[in-house]
Structures are given as structure tokens and as C-alpha cells.
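The values are calculated or read from the model by the stated rules, or taken from the named source; none is laboratory data. Fair warning: this is a prediction, and the values are worked out from it, not measured in the lab. Glycine gets a Cβ as well: all are built from the backbone with ideal geometry, and neighbour counts include every protein chain shown. Areas reflect the complete protein model, heavy atoms only, side chains present, ligands, DNA and RNA absent. Shrake-Rupley method; radii C 1.70, N 1.55, O 1.52, S 1.80 Å.
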Amino acid sequence: MAAHQEKKPSEERNHKSTQNDTPTSQVQWGRAWEVDWFSLASIIFLLMFAPLIVYYFIMSCDQYQCSLINPLVDLLTGNKHLSDIWNKTPGLTYKAAGIYILWVTFQVVLYLFIPDFCHKFLPGYVGGVQEGAVTPAGVVNKYEINGLQAWIITHVLWFANAYYFHWFSPTIIFDNWIPLLWCANLLGYAVSTFAMIKGYFFPTNAKDCKFTGNFFYDYMMGIEFNPRIGKWFDFKLFFNGRPGIVAWTLINLSYAAKQQELYGQVTNSMILVNVLQGIYVLDFFWNEDWYLKTIDICHDHFGWYLGWGDCVWLPYLYTLQGLYLVYHPVQLCTANAVGILMLGLIGYYVFRMTNHQKDLFRRTNGNCKIWGKKPEYIECSYMSVDGTKYYSKLLTSGFWGWARHFNYTGDLMGSLAYCLACGFEHILPYFYIVYMTILLTHRCIRDEHRCLGKYGKDWKRYTAAVPYRLIPGIF
């Protein structure tokens, strides 16, 4: 449901030719023109049940100590009715609404009005104004990359408050977690609905809009490719990166503070979750310019899938491990803690180095070395809507010669480490690895279907050279 940044294995834009008169076949580039019955059924299911899934998980922790089975048992045996559970659920409060409005407004201000300065003094960091990938209509948008700066400013203020100003308790997020859920839902539905209306009546670029004629599909998957307000407020970049991912580490810190408040200590499992997920979040912002070349930006249109997903699904279900550890503190033995830390770090190394190889290959146009050798690749071409021809090189060396999505493999290793830190008493914290496996496998298939439509025979040559998706020799 949005939010994990996955580098496309398919595109390294080289140069474009002059426009020609050859008709172009876009097929699936961007997203599907036609909706099959299975896709429609899946979308209606998600629209109906995804919000309930989020509520069920959070309610299970609040009322059933994170048991996913006991609420169902109570309902099936008649011990409780739905109204009993609902009546015990905290409602929307003015305090939560104020916190959430202030939070989102603060992130908008950081995003729009404070140009990036981190790239001026951090070696190797790429920030400031950067170009995105070419869109199906042939547009190349510019972005103000300042996510790392926003994350630093936000967290400096958080720690300054915790240790000096004491304006609010560090447990403020946990203490208002369910009321904040209603605020996040309101924003998620509001921005998704606005994006759909905007796509119909005042799109940023009409040539990058796609209408299937199916209301549910268009609402969920989006109509506009890059909806914007003004020159710089880009819906996809803002909602994918801010406010959800900036909040991710703050949410975990609030969980740790609550654990300290309740038990007088922060367990090593909570520290592991904070550290490993913190590394992932920092990696996202350090490489935010790279994110402009990922599937979210390069293929997905902006609809409920990204809008609601980034506001609700990401901050509430990607942080389940920390929430679980508030209710069930786990102190791991040293061997287990070290093993989990190593799994998480190795997974991060695979994830980062795989993407680094692709970025190095792209930046140098193939004039580099990967694992000490000149990289191998397959040349291909594709066309935009206006008939402009572009050329790409598909890397088949290094990790990209092992599998077509080996960065996903590293991502899954890190995801498993987060879950293992919680022990084996409950299944709730393991939702994340199950979900990520389904999500990334589906992304493999979805991205490759679009790449086949985009590159045609060249993509078949690529898959023949790199036959496996995730696990060499297996899948």
C-alpha cells in the first residue's frame, strides 16, 4: 500500500531522439487502460476492507493486548458484540485534530518554503532541485529535494522538546494513537477525492491522465500521473515521503518513551526496531533523488492507493512492531539480538548496494565497473505519447545479474528482522513480513507486465538474460 521505495529494474534514460511520426503503443506504461474483472474485484475488496484491517490491528492492541484471535472468538461466541468493541474505541478528539493539523501544516511548510541546504555541506548527498524521470507524455518534472532536511529539523525539535522545552510528552503519539487514526483517514480520503476531481476538471497535465471509465479503479489507482498545485507542491512526492515517513521514526520514538514510562526501561528489542527502521527511513531521505526513478513516481498514478495508503496504511501498519513491544516488552538474549541485528544490516546492505549499482550505471551511462568488471547490459528503446523515442540500457551485471528485483530481496531480509525482534508469542508483528512479501511479489509481476508493454522484444531479451525475479535459482 504505497510507501516502500522500489527502484525499477527497467529504466535508465540515456537520450531522446527527435520526434518522429511513428505511432506509439503505450500498452501498460503508466497503468492499465482497461480493467479486468479480477483487478476490479481486488480493488473493491481493498476499498472496503483495508480501512477495517487497519482498525482491527490497532483495536486488537488497544483492547486485546495485540491478540488477533481473541476479538473474533468473543464475537463468534457471543461474549461481545461489535457495538461493545466500537463503544470502547476512543473517538476523534479536538486534541488529536489539533496535533494532526499542526503536524501536516508543519511538514507542508518544510516541504514548500525551506529550500534544501543539506546538499551544500553533506558530501555525497544530492538535494535541491532535481529532475524526475520522463513521464508517458514526455514530460520531465522538477522537484525540490529537501526530505532529509525536513527529517532533521523535525527530529531536532522533537529531542529539544523531550530534553529541554517539555512542551508535550514524548508519548503524545501513542497516547492519541486511535484518535489520530481518524484524522489520518480524513486526510487520506480528502486528498484522494480531491485528486480524482482535479484529474477530471483541472489536471496538471491532461496528456498524462488516464481514464478507464470505471469509477472504483480510477478512484483507487488515480487519474493524474503527477498532480501538482503550483510549481512545486507535488502530491506524489509529498505524500509518499511526508508526512508518513518522517513520522515513522517519531512514532517509534514515542513507543520507546511509552515503554520507558510503563516499565522503567527500554528493551533491546525496542532499540533494535528503532535502529533498523531508522536506518531504512534515513536511507529513504538520503536517496530521495533516487526515489524519483522508482515505480511509485515513474509508473503509478496518484489515487487512493497512494493518498490514503501513505496517510493511514504506512504509519499505522509499518510501525506494528514498536506498538506490539509497548504491550509485550521483549528482552532478547545477546545472541538473538546480535543475530537479528546482523540480518537487518545484511538485508540493508543488499538493498542499498543493489540500488547503488543501478544508480552508478545510470549516472555514468555504463562507463563504470561493477564488481571489478565492465558492466553488461541490454540496449532497448521506447516511445512517449508524443512519438519521441528514448533509449535505455538494462543492467545485467552485479546483483542485477542474480535477479531482476534483488533489491526487493534485501528489503524482505530487513523486514523479517523487524518482526523477529518481537519474539514468537503473537502473530501480529509478523503481519509486516507477510504483507511485504505479497506486496513486493505483486510489484515484480506488475512492473514486469508494464515493462513488457513498454520495451516489447527488448524486455524479453532481458528476462532471458536474467531469468529469476527474487531468489536466484528458485524464483
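Before moving on, here are some points about what is shown:
- Considering residues of the range 58-76 that are in a helix (DSSP H, G or I) and of a type in the set (A, V, I, L, M, F, W, C) only, the residue surrounded by the most Cβ atoms within 10 Å (Cβ to Cβ): Cys61
- The listed residues are Val134, Val139, and the only one of them that is in contact with a strand residue (DSSP E or B) (Cβ under 7 Å, 6 or more places away or on another chain), farther than 21 Å from Ala256 by Cβ, open to solvent by less than 60 Å² (accessible area, probe 1.4 Å) and assigned by the TED database to the domain that holds Tyr280 turns out to be Val134.
- Residues that are open to solvent by 10 Å² or more (accessible area, probe 1.4 Å) and of a type outside the set (S, T, N, Q) are absent from the range 295-304.
- Tyr189 of a type outside the set (A, V, I, L, M) and either in a loop (DSSP other than H, G, I, E, B) or over 30 Å from Tyr56 (Cβ atoms) (or both): no
One line per residue, one yes/no per condition, for (1) at pLDDT 90 or above; (2) open to solvent by 10 Å² or more (accessible area, probe 1.4 Å); (3) part of a helix (DSSP H, G or I); (4) hydroxyl-bearing (Ser, Thr, Tyr):
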site	(1), (2), (3), (4)
Ser381	no, yes, no, yes
Asp386	no, yes, no, no
Lys393	no, yes, no, no
Thr409	yes, yes, yes, yes
Met413	yes, yes, yes, no
Cys422	yes, no, no, no
Pro429	yes, no, yes, no
Ile433	yes, yes, yes, no
His442	no, yes, yes, no
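- Number of the condition not met by Val54 [criteria: (1) within 22 Å of Val312 (Cα to Cα); (2) open to solvent by 30 Å² or more (accessible area, probe 1.4 Å); (3) not hydroxyl-bearing (Ser, Thr, Tyr)]: (2)
- Exclusive hit being open to solvent by less than 10 Å² (accessible area, probe 1.4 Å) and either on the phi > 0 side of the Ramachandran plot or small (Gly, Ala, Ser) (or both), set Ala190, Ala195, Ala160: Ala195
- Ile245 surrounded by fewer than 20 Cβ atoms within 10 Å (Cβ to Cβ), within 12 Å of the chain's Cα centre (by Cα) and assigned by the TED database to the domain that holds Phe174: no
- Summed over the range 128-144, the residues that are part of a strand (DSSP E or B) and in contact with a Gly (Cβ under 8 Å, 6 or more places away or on another chain) give a count of 5.
- Pick from the range 145-157, criterion closer than 19 Å to Phe233 by Cβ and not aromatic (Phe, Trp, Tyr), ranking: most open to solvent (accessible area, probe 1.4 Å): Ile153
- When residues in the range 362-379 are screened for being within 12 Å of Phe399 (Cα to Cα) and hydrophobic (A, V, I, L, M, F, W, C), 2 of them pass.
- Selection status of Val266, within 23 Å of Arg352 (Cβ to Cβ), modelled with pLDDT of 95 or more and among the hydrophobic types (A, V, I, L, M, F, W, C): no
- Test for Asp218: is it in contact (Cβ under 8 Å) with a residue 60 or more places away in the chain and over 26 Å from Cys419 (Cα atoms): yes
- Screening Asn355, Asn365 for residues that are outside any strand (DSSP E or B), open to solvent by 20 Å² or more (accessible area, probe 1.4 Å) and touching a Lys or Arg at 6+ places or on another chain (Cβ under 8 Å) leaves exactly one candidate, Asn365.
- The condition of being of a type in the set (A, V, I, L, M) and modelled with pLDDT of 95 or more holds for only one of Val129, Val108, that being Val108.
- Of all residues in the range 322-346, exactly one satisfies the criterion of being surrounded by 22 or more Cβ atoms within 10 Å (Cβ to Cβ) and in contact with a Ser or Thr (Cβ under 8 Å, 6 or more places away or on another chain), namely Leu325.
- Scope the range 219-238; condition open to solvent by 10 Å² or more (accessible area, probe 1.4 Å) and in contact with an Asp or Glu (Cβ under 8 Å, 6 or more places away or on another chain); matching residues: Met221, Asn226, Arg228, Trp232
- When Ala335 is tested against the conditions (1) of a type in the set (A, V, I, L, M, F, W, C); (2) free of Cβ contacts under 8 Å to residues at least 12 places away in the same chain; (3) within 29 Å of Lys198 (Cα to Cα), the lone failure is (3).
- Within the range 85-127, tally of residues that are open to solvent by less than 50 Å² (accessible area, probe 1.4 Å), under 18 Å from Gly147 (Cα atoms), in contact (Cβ under 8 Å) with a residue 60 or more places away in the chain and not in a helix (DSSP H, G or I): 2
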